[in-house]
Amino acid sequence: LWFFASYSNQRDYYWDVGVDASNDLTAVRGRTDRYFGKLNWQLNAHHKLVGTFHLDKKKDDNGLSANSSPETAATRSAKTPTPGLGYTGVLSDRTVLEVRYSGFYGNVQFNPTDPNQPRDLNRFYDIDTGFISGGHYYWYDLGPKRTTVTAKVSHLADNFLGGSHDFRFGVQYSAASAGGIVGYNDLIYTYSQTDPGYGYGISYTPFSYSGDTKAIGVFLDDTVRVNNRLSLSLGARFDSQKAFSAERAQLDEFGNPTGTTFPQTDYFTWNNFSPRLGLNWKLTADGRTVFKAHYGRYHRAVA
């Protein structure tokens with residue numbers, strides 16, 4: 001049993017010229033706390049577990065420019081836990097099983113630096129002076145995530161069908177999503193000097209979005225050792241990949257669900273078959289001259 005853990009932090013601070021450095025709302029800061037842990041556990045002579053966990057906690061204050069009021073300050077915060085777990089089992093002197101899981105589950109927000117300030121505050125721009133007050137120009141709440149699971153069995157078969165065979169069977173599954181809620185604050189233009197009684201604005205409605213993928217692949221590889229000088233690699237893989245936007249709720253002007261939902265939208269589904277064939281032939285007994293050839297068909301994965 002072996003365990004390792006680490007922690008680090010980073011702090012960066014600076015201010016724009018003309019901005020009050022004593023005001024927490026005006027500071028431009030970058031803060032990062034990073035946690036990492038790894039566990040190696042040899043259950044017995046044939047079974048082993050490896051677990052990992054990585055977490056970044058970040059907070060970046062955008063601060064202010066000289067022509068903005070303090071309430072326009074906004075902060076981006078993010079938490080990105082990344083767990084992982086692996087298992088290796090020696091099922092016999094010829095068979096090994098490997099299973100891997102990994103994940104990424106983010107929570108990213110962009111909100112007013114002052115936690116007591118509403119995120120959907122109107123934003124005012126004075127055309128005469130260039131002064132900006134009210135809320136920041138937009139906010140968001142995002143949740144990118146990905147889950148991946150793989151499993152592989154390796155098996156050595158001697159004297160099978162006229163040769164030695166190194167079989168590998170496997171399956172891979174992944175699901176990912178990138179989406180969330182975004183809101184642009186209403187923008188109001190004013191004239192404080194040339195025409196104080198006149199102004200106009202632009203109204204925005206928050207919206208949600210999502211980009212999703214699911215993929216599953218299965219494969220079989222066989223390395224055949226015909227004799228000491230000739231080996232063949234035979235393989236085939238099948239992948240089914242789907243890209244879509246998951247069902248999303250319609251939002252009102254405050255970013256709350258209205259009770260109406262937009263149905264799932266499917267973009268495409270790819271079903272691909274990929275054969276592979278390889279040859280390794282020692283032309284001379286001493287192995288100094290070798291002829292190698294490979295044929296394979298490969299398809300791009302959905303990111």
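The values are calculated or read from the model by the stated rules, or taken from the named source; none is laboratory data. Just so it is clear, the model here is predicted, and its values are computed rather than measured. Glycine gets a Cβ as well: all are built from the backbone with ideal geometry, and neighbour counts include every protein chain shown. Surface accessibility is based on the protein's heavy atoms, side chains included, excluding ligands, DNA and RNA. Shrake-Rupley method; radii C 1.70, N 1.55, O 1.52, S 1.80 Å.
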Residues of segment 230-271 satisfying the condition of being small (Gly, Ala, Ser) and either at negative phi or touching a residue at least 24 places away in the same chain (Cβ under 8 Å) (or both)
SER231, SER233, GLY235, ALA236, SER240, ALA243, SER245, ALA246, ALA249, GLY255
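Residue by residue, here is whether (1) at pLDDT 95 or above; (2) basic (Lys, Arg) holds:
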position	(1), (2)
PHE3	no, no
ARG11	no, yes
TRP15	no, no
ASP20	no, no
ASN23	no, no
THR26	no, no
THR32	no, no
PHE53	yes, no
LYS58	no, yes
Please indicate, with yes or no, whether at least one residue in segment 132-154 is farther than 17 Å from PHE254 by Cβ and out of contact with any strand residue (DSSP E or B) (no Cβ under 9 Å at 6 or more places or on another chain).
no
Qualifying residue in segment 77-94 (condition: open to solvent by 60 Å² or more (accessible area, probe 1.4 Å), among the charged types (D, E, K, R), within 26 Å of the chain's Cα centre (by Cα) and at pLDDT 95 or above)
yes
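Tell me the strands (runs of 3 or more DSSP E) entirely within segment 85-133 that contain at least 3 residues that are under 20 Å from VAL171 (Cβ atoms). Quick ask: steps written out before the conclusion?
Numbers: elements: 95-105, 107-112, 123-126.
It comes to 95-105.
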Which listed residue is free of Cβ contacts under 8 Å to residues at least 12 places away in the same chain and closer than 30 Å to ASP166 by Cα, from SER102, SER92
SER92
I'd like to verify a number: residues in segment 134-147 that are part of a loop (DSSP other than H, G, I, E, B) and either closer than 30 Å to SER174 by Cα or free of Cβ contacts under 8 Å to residues at least 40 places away in the same chain (or both), how many?
2
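Keeping to segment 120-143, report how many residues are in contact with a Phe, Trp or Tyr (Cβ under 7 Å, 6 or more places away or on another chain) and at pLDDT 90 or above. So that I can check it myself, show each step before the final result.
Of the residues in segment 120-143, the ones in contact with a Phe, Trp or Tyr (Cβ under 7 Å, 6 or more places away or on another chain) are 120, 123, 125, 127-128, 132-134, 137-140.
From the residues that got through so far, the ones that are at pLDDT 90 or above too are 123, 125, 127-128, 132-134, 138-140.
The qualifying residues number 10.
Looking at PHE238, is it assigned to a strand (DSSP E or B) and open to solvent by 70 Å² or more (accessible area, probe 1.4 Å)?
Working: assigned to a strand (DSSP E or B): yes; open to solvent by 70 Å² or more (accessible area, probe 1.4 Å): yes.
Yes, satisfied.
For segment 269-303, give me each residue that is touching a strand residue (DSSP E or B) at 6+ places or on another chain (Cβ under 7 Å), hydrophobic (A, V, I, L, M, F, W, C) and in a loop (DSSP other than H, G, I, E, B). Talk me through it step by step, then tell me what you get.
Here is the first cut: in segment 269-303, the residues touching a strand residue (DSSP E or B) at 6+ places or on another chain (Cβ under 7 Å) are 269-283, 290-299, 301-302.
Among the residues that remain, those that are also hydrophobic (A, V, I, L, M, F, W, C) are: 270, 273, 277, 279, 281, 283, 290-291, 293, 301-302.
LEU283, ALA301, VAL302, listed by residue number.
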Counting only residues that are under 16 Å from TYR209 (Cα atoms) and out of contact with any Gly (no Cβ under 9 Å at 6 or more places or on another chain), which one in segment 241-252 is least open to solvent (accessible area, probe 1.4 Å)?
ASP252
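Looking only at segment 267-289, how many residues end up being at pLDDT 90 or above, among the polar types (S, T, N, Q) and either surrounded by 13 or more Cβ atoms within 10 Å (Cβ to Cβ) or farther than 28 Å from SER240 by Cα (or both)? So that I can check it myself, show each step before the final result.
First, the residues of segment 267-289 that are at pLDDT 90 or above: 267-283, 289.
So of that shortlist, the ones also among the polar types (S, T, N, Q) come out as 269, 271-272, 274, 280, 289.
Within this subset, residues satisfying the condition of being either surrounded by 13 or more Cβ atoms within 10 Å (Cβ to Cβ) or farther than 28 Å from SER240 by Cα (or both) are 272, 274, 280, 289.
Within segment 267-289, residues that are at pLDDT 90 or above, among the polar types (S, T, N, Q) and either surrounded by 13 or more Cβ atoms within 10 Å (Cβ to Cβ) or farther than 28 Å from SER240 by Cα (or both) number 4.
If you take just the strands (runs of 3 or more DSSP E) that sit entirely in segment 156-234, which of them hold at least 2 residues that are within 27 Å of PHE254 (Cα to Cα) and open to solvent by less than 30 Å² (accessible area, probe 1.4 Å)? Steps first, answer last, please.
Details: elements: 163-184, 187-190, 199-202, 207-225.
In segment 156-234, 163-184, 207-225 are the strands (runs of 3 or more DSSP E) which contain 2 or more residues that are within 27 Å of PHE254 (Cα to Cα) and open to solvent by less than 30 Å² (accessible area, probe 1.4 Å).
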Meets criteria (open to solvent by 60 Å² or more (accessible area, probe 1.4 Å) and touching a residue at least 60 places away in the same chain (Cβ under 8 Å)) for LYS292
no
